[in-house]
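As structure tokens, the structure follows; a few thoughts come after it.
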Amino acid sequence: MSKVGKLPVAIPAGVTVTVVDNVVSIKGPKGEMKQNFSNNIKIEVQGSEVILTTLNDTKQANADHGLYRSLVANMVKGVSEGFSKTLIINGVGYRAEVKGNELVMNLGYSTDYIAIIPEGLTVVADAAGKVTISGVDKQKVGEFSAQLRKLRKPEPYKGKGIRYETEVIRRKVGKTGVK
């Protein structure tokens, strides 16, 4: 039995959770999410909590127990509060702006990079080089921000590139030129 899976998921006010044939539907003020789970875990709503229990004691069921509990907890948090990641664009001439459903980025290459914003995500870019990606689905927010960061990873000498707001770049000392 999973240590994480044993913990109940609290349902905040304004969020409704329904379970029909191991399909969990969650509605809240930020949006709606639906996820299909396998049949080796029993998911039930008791009062203001979601309880997950294993139906058999196999290795796969025990692995799924903690995973499904985390997925349900992230769904509940997503529809109630939402998720967001902030990227910092650092470099001379590096900038980003949102045009419709596209994010246009100038990252020092000969052409601008145009990223199409996935459905369900909102992107805000300001003049100071901050790009904030927010949405209901934690996986979509993380995946899109990782794809953007991969375009120009921060380099250790000058710190140029795209980094997460909480990321710390370990700086290296350059050449001194002394013989």
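List the residue pairs whose Cβ atoms are under 6 Å apart, where the first residue sits in the stretch 1-14 and is in contact (Cβ under 8 Å) with a residue 12 or more places away in the chain, the second is exposed (fewer than 15 other Cβ atoms within 10 Å of the Cβ), and the two are 6 or more positions apart or on different chains.
From residues that are in contact (Cβ under 8 Å) with a residue 12 or more places away in the chain, the pairs are PRO8/GLU49; ALA10/GLU49; ILE11/SER48; GLY14/PRO29.
Report, by residue number, each residue of the stretch 123-150 that is among the charged types (D, E, K, R), within 28 Å of LYS34 (Cα to Cα) and not in a helix (DSSP H, G or I).
Matches in the stretch 123-150: ASP137 only.
Any residue at all in the stretch 106-122 that's part of a strand (DSSP E or B), over 30 Å from GLU81 (Cβ atoms), open to solvent by 30 Å² or more (accessible area, probe 1.4 Å) and of a type outside the set (A, V, I, L, M)?
Within the stretch 106-122, one or more residues are part of a strand (DSSP E or B), over 30 Å from GLU81 (Cβ atoms), open to solvent by 30 Å² or more (accessible area, probe 1.4 Å) and of a type outside the set (A, V, I, L, M).
Please report, ordered by residue number, the strands (runs of 3 or more DSSP E) entirely within the stretch 1-61 with at least 2 residues that are farther than 18 Å from GLU81 by Cβ and of a type in the set (D, E, K, R).
Because the criterion is at least 2 residues that are farther than 18 Å from GLU81 by Cβ and of a type in the set (D, E, K, R), the strands (runs of 3 or more DSSP E) in the stretch 1-61 that meet it are 41-46.
Take the stretch 125-151 and flag every residue that is loosely packed, with under 14 Cβ neighbours inside 10 Å, of a type in the set (A, V, I, L, M, F, W, C) and closer than 17 Å to PHE83 by Cα.
ALA146
Inspect the stretch 152-175 for any residue being part of a helix (DSSP H, G or I) and open to solvent by 50 Å² or more (accessible area, probe 1.4 Å) and give the result as yes or no.
no
If we scan the stretch 80-96, do we find a residue that is over 22 Å from ARG152 (Cβ atoms) and either part of a strand (DSSP E or B) or open to solvent by 80 Å² or more (accessible area, probe 1.4 Å) (or both)? Before the answer, list the steps.
Looking only at the stretch 80-96, we keep the residues that are over 22 Å from ARG152 (Cβ atoms), and these are 80-83.
From what's left, either part of a strand (DSSP E or B) or open to solvent by 80 Å² or more (accessible area, probe 1.4 Å) (or both): 81, 83.
Yes: the stretch 80-96 contains one or more residues that are over 22 Å from ARG152 (Cβ atoms) and either part of a strand (DSSP E or B) or open to solvent by 80 Å² or more (accessible area, probe 1.4 Å) (or both).
Can you confirm whether the stretch 55-62 contains a residue that is small (Gly, Ala, Ser) and at pLDDT 90 or above?
The answer is no; no qualifying residue exists.
Of these, LYS34, LYS30, which one is charged (D, E, K, R), open to solvent by 20 Å² or more (accessible area, probe 1.4 Å) and in contact with an Asp or Glu (Cβ under 9 Å, 6 or more places away or on another chain)? Full working, then the answer.
Numbers: LYS34 fails: in contact with an Asp or Glu (Cβ under 9 Å, 6 or more places away or on another chain).
Testing whether each residue is charged (D, E, K, R), open to solvent by 20 Å² or more (accessible area, probe 1.4 Å) and in contact with an Asp or Glu (Cβ under 9 Å, 6 or more places away or on another chain) leaves just LYS30.
The values are calculated or read from the model by the stated rules, or taken from the named source; none is laboratory data. Nothing here was measured: the structure is a model prediction, and the numbers come from that model. Cβ: placed from backbone, ideal geometry, glycine included. Neighbour counts: every protein chain shown. Please note that ligands, DNA and RNA were not included when accessible areas were found on the heavy atoms of the full protein model with its side chains. Shrake-Rupley method; radii C 1.70, N 1.55, O 1.52, S 1.80 Å.
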